[in-house]
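Visitor: First, the structure itself, so that you have it in front of you.
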Amino acid sequence: MTEPSRILLRRSLVDGYNEFRRRLARRLGSSTLASEALNETWIALGRGGELGQVADADAYVYRAALNAAGALRKRDERHGGHLDLADLPDVADDAPLADRAAVARDEVERMMEALRELPQRQREAFLECFRGDTLPEVIAERWQVSVRTIQADIRGAILHCADRLGRKNILAGKRVRHSRD
């Protein structure tokens with residue numbers, strides 16, 4: 001394996017996110033739990049040192065997500081399935097509502113500006129997947145490209161927007177080239 005296992009596993013999770021979520025939701029009986037388990041898996045894969053060699057990255061990610069779902073269920077059972085306000089940090093939001101609204105409007109405008117900088121296919125693929133309207137497979141068929149190309153377009157759009165908004169690169173520090181029309 002030429003690249004570190006954690007990076008390979010994170011890439012597997014990103015590339016197969018929709019399929020993992022579908023399979024987990026079917027197995028767990030909850031799409032919400034499936035999404036939470038995948039988020040926990042992403043975080044767990046970002047921790048620690050190098051893993052040994054992984055023979056099947058997709059199988060590893062799926063099993064890790066199942067384990068994360070089990071841990072989430074146990075945590076919920078311990079708390080009786082209810083969120084206890086005493087468990088929340090005591091942090092008050094002192095910002096006036098008008099100030100927060102202005103900051104949010106500014107951020108949305110910067111995001112829209114960043115999206116306008118993207119090529120059409122990349123922008124449309126990102127927006128359709130973000131809204132949950134369309135699967136990458138459908139977008140790929142419409143644009144007559146591979147699903148991997150659409151996934152790369154979406155990753156590239158995320159990285160581009162994160163960069164324009166001054167956010168930390170959430171996709172394992174890899175720069176992805178923007179697709180060209």
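The values are calculated or read from the model by the stated rules, or taken from the named source; none is laboratory data. Small disclaimer: the values here were computed from a predicted structure and weren't measured. Cβ placement follows ideal geometry from the backbone for every residue including glycine, while neighbour counts extend to all protein chains displayed.
Visitor: Is there any pair with a first residue in the stretch 107-133 that is over 14 Å from ILE150 (Cα atoms) and a second that is of a type in the set (A, V, I, L, M, F, W, C) and not in a helix (DSSP H, G or I) whose Cβ atoms are under 9 Å apart and which are 6 or more apart or on different chains, and what are they?
Guide: GLU107/LEU165; ARG110/LEU165; MET111/LEU165; ALA114/LEU165
Visitor: Something else about it: Kindly indicate whether ALA125 is under 18 Å from the mean Cα position of the chain (by Cα), modelled with pLDDT of 90 or more and surrounded by 12 or more Cβ atoms within 10 Å (Cβ to Cβ).
Guide: Spelling it out, ALA125 is indeed under 18 Å from the mean Cα position of the chain (by Cα), modelled with pLDDT of 90 or more and surrounded by 12 or more Cβ atoms within 10 Å (Cβ to Cβ).
Visitor: Next up: Kindly indicate whether any position in the stretch 139-157 is of a type in the set (D, E, K, R) and either at pLDDT below 85 or in a loop (DSSP other than H, G, I, E, B) (or both).
Guide: no
Visitor: A further question on this structure: Can you name the number of the only condition in (1) in a helix (DSSP H, G or I); (2) modelled with pLDDT under 85; (3) not small (Gly, Ala, Ser) that ILE170 fails?
Guide: For ILE170, the exception is condition (1).
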